[in-house]
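In what follows, a structure is listed as structure tokens, so that the remarks can point back to it.
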Amino acid sequence: MPKFIVYFAQLHEDFRLAELNALSKLENVRVEYDPCNYILESPFLVVEISSAEQAAKLVRRAILIRSIIEYWGSGRTYNDVYAEVRQEQERWALYKTCSFKFTVDAFGKSLTQEEKIRVIDGFSFLGFEGPIRMRGAEAEFFVCEEHDETREERVWFGRIVGTGSRDLIDRFDVKKRKYLGNTTMDAELSLLMANQAQAQNGMFVYDPFVGTGSFLLTCAHFGACTVGSDIDGRQIRGTAGFKRGVDGIRANLAQYNVESRVIDTAVFDASRNPWRPGPLFDAIVTDPPYGVRAGAKRQGRVGGTKGELALRLVDGVASYTRPDYYPPTEPYEMSDVIRDLLALAAEKLVVGGRLVYWLPTVAGEYTAQDVPEHPVLRLVANSEQPFGSWSRRLITMEKIKALDLHEAIVPERDPAHKNFRDRYFSKFEPVEL
Amino acid sequence: MRLITHNMLKCHVKNCDNPDKQFPLRFKGAELEQVEAERNDEFLVRMIPRLDWRALLVTTKELGIELPENIPEEPENDDAFLQALHTAILETHVKEGSMVCNGCSHEYKITKGIPNMLLAEHEI
């Protein structure tokens, strides 16, 4: 199959291949590559795809891919590149008379204007006679020098056939939103999660810890219909904290043109949810509270519920019927949060549906066994965003078969994210056994 | 709250587990608003098997909303059916009011279109 160069953004490196694979499946475009050629420190990866049209389709929604380039040549020196390009002279004729443009870039170094012009002149043997257009050129050629102290230099050359959707990052920038909160996920990662979930037209996506609704927005942007719930109604309604008075999550819907597709939000405890039994959702996309900025809680009372308190008469009516009644909550420990989330996903996802969620982990203690498992959920991706003493991992799981109600998760050891909140505030000092 | 969501919610009070009584929840004092929305046939057709049609008929009759009794053989080709379904489940919003359980009488309040499904301490 023809070769193409994937030109990645050089950040969130651990997430890039996961996104590429998710898009390959979503867009139904087969992409082949040797994983050994993937280098975290490099923005380039050579892949094989059946055609330029398919290559463009593959990356059109990508958040971590800048563009995809039809491979013409690469090597340690420009002469190596020229030699490789000369092997396919028939191809140059296709671009002899059309308008064209050269983009010259360097990674790990900067090139002066003179150097760039010399690079372009070096390709004059291609004999293009058409007009040069800086905007709207019919053929855009790309040259990039890759410099890295730890590796050999490389020069890349080809024709750009498709671009990703990094422009969405600016459009969804949280600073531009009418409503946000201190737990609002940044735009780049919110968009990435929508791709991991393969959010698309026709799908029904749920966020059980919806907060200020970032994932409802990004999944709806890609065509899915979305619903969210949260135990804290104030975050949904926007009646406390940040940007009070703008009507909460609803305030953002018109701005992003997703009013028809953000279906509803509701107030309830994800671990005691009122959904009717059986599969309802095509994807669950969420950032569960780790207990650090947003205290994870669930319905209940520390020390045990005291139902009689709710029934106590106040001014002649039962306490719980009064409009100012707030049911008590208790702390919701991290490993319980995740265990319940997996159980929720196992029951409420349709087969083939995906769970995409963030798992906080403690650096230095994390092992692969910390990622919870479930008999009907298969691990698809696990990408780390490091913060020094801790990390969070974006976990993608796919439901592979119907749930048999007798199957449950049996954890064998305490994962490193157990009691995450206490660990965080004690600076991850080792736990005494 | 749109009717598609209502069609998926049941009462979850402790020991309220008669499936015929806890679902669907009955509206009380419902203030409705019709808001036009972009029709999305792919979504509608995909959701049909996940809806509880019997419950949807009960609810739409309660509220005076039109809905065909039966789902056609090929809903994707039945424009009138899809339009009626779209209007009923995606364009009909319950802004205020409450949902009552026919089993245990718990009332879930709806404020500004957002239902509060939190339980009181003696109900969990």
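Starting from the Cα gyration tensor of the stretch B:1-51, take the square roots of the eigenvalues, sort them a ≥ b ≥ c, and report rounded, prolate or oblate (rounded when a/c is under 1.5, otherwise prolate if a/b is larger than b/c, else oblate).
oblate
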Amide H neighbours of residue B:111 at under 5 Å, excluding residues fewer than 5 places away on the same chain, with H built from the backbone geometry, are B:116
Chain A accessible area per residue, 1.4 Å probe, protein heavy atoms, integer Å², reads 46
For the stretch A:70-180, percent of DSSP beta bridges that are antiparallel (nearest 5) comes out at 55
Dividing the helical contributions, -39500 (n - 2.57) per DSSP H run of n ≥ 4, by the residues of chain A yields a 222 nm value, nearest 500 deg cm²/dmol, of -6500 deg cm²/dmol
When B and A pair up, the total accessible heavy-atom area removed from solvent (1.4 Å probe), in Å² to nearest 100, is 3400
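For the stretch A:81-145, which GluC sites (Glu not before Pro) are in a loop by DSSP, counting at most 16 other Cβ atoms within 10 Å? Numbers along the way, then the final one.
Details: sites: A:84, A:88, A:90, A:114, A:115, A:129, A:138, A:140, A:145; in loops: A:88, A:129, A:138.
Filter output for the stretch A:81-145: A:88, A:129, A:138.
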Output for the stretch A:124-210: trypsin sites (Lys or Arg not before Pro) sitting in coil per DSSP, at most 13 other Cβ within 10 Å, listed by number, reads A:135, A:151
For chain A, longest principal axis from Cα atoms; helix A:113-122 axis from its Cα atoms; angle between them, nearest 10 degrees, is 60
So the compactness index of the stretch A:58-106, its C-alpha Rg divided by 2.2 N^0.38 Å, takes the value 1.41
Free-by-geometry Cys in the protein assembly as shown, Cβ-Cβ under 4.7 Å as pairing rule, reported as A:36, A:98, A:144, A:219, A:225
Here Rg/Rh (Cα, Kirkwood) for chain B equals 0.99
Longest principal axis of chain A (C-alpha) makes with the long axis of helix A:334-348 (C-alpha) an angle, in degrees to the nearest 10, of 80
The whole-number value in µm²/s of the Stokes-Einstein translational diffusion coefficient for the stretch A:165-302, with Rh from the Kirkwood sum over alpha carbon pairs at 20 °C and 1.002 mPa s, is 142
For the stretch B:1-77, listing GluC sites (Glu not before Pro) in a DSSP loop whose Cβ sees at most 15 other Cβ atoms within 10 Å gives B:36, B:38, B:66, B:69, B:73
Amide H proximity to residue A:107 below 5 Å, modelled H, separation 5+ or other chain, gives A:145, A:146, A:147
For the stretch B:74-115, the Cα convex hull volume per residue in Å³ comes to 90
In debye to the nearest 20, the charge dipole size for the stretch A:130-200, taken about the Cα centre with +1 at each Lys and Arg Cβ and -1 at each Asp and Glu Cβ, equals 620
For the stretch B:102-124 the residues that are at least 50 Å² less accessible with all protein chains than alone, 1.4 Å probe, are B:114, B:118, B:121, B:122, B:124
Set B:10/B:112; A:399/B:112; A:25/B:95; A:176/B:28; A:418/B:14; A:418/B:95, cut-off 31 Å on Cα-Cα distance; pairs above it are A:399/B:112; A:25/B:95; A:176/B:28; A:418/B:95
With Cα coordinates, the longest principal axis of chain B makes an angle with the long axis of helix B:79-90, in degrees rounded to 10, of 20
Karplus-derived 3J(HN,Hα) from phi for the stretch A:52-59 (6.51 cos²θ - 1.76 cosθ + 1.60, θ = phi - 60°), whole Hz, x at Gly and Pro, runs 5, 4, 5, 5, 5, 4, 4, 9
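The values are calculated or read from the model by the stated rules, or taken from the named source; none is laboratory data. Please read all numbers here as calculations on a predicted model, not as lab measurements. FYI the Cβ positions are ideal-geometry reconstructions off the backbone, even for glycines, and counts take in every protein chain you see. Remember, those area values only see protein heavy atoms, side chains included, never the ligands or the DNA or RNA. Shrake-Rupley method; radii C 1.70, N 1.55, O 1.52, S 1.80 Å.
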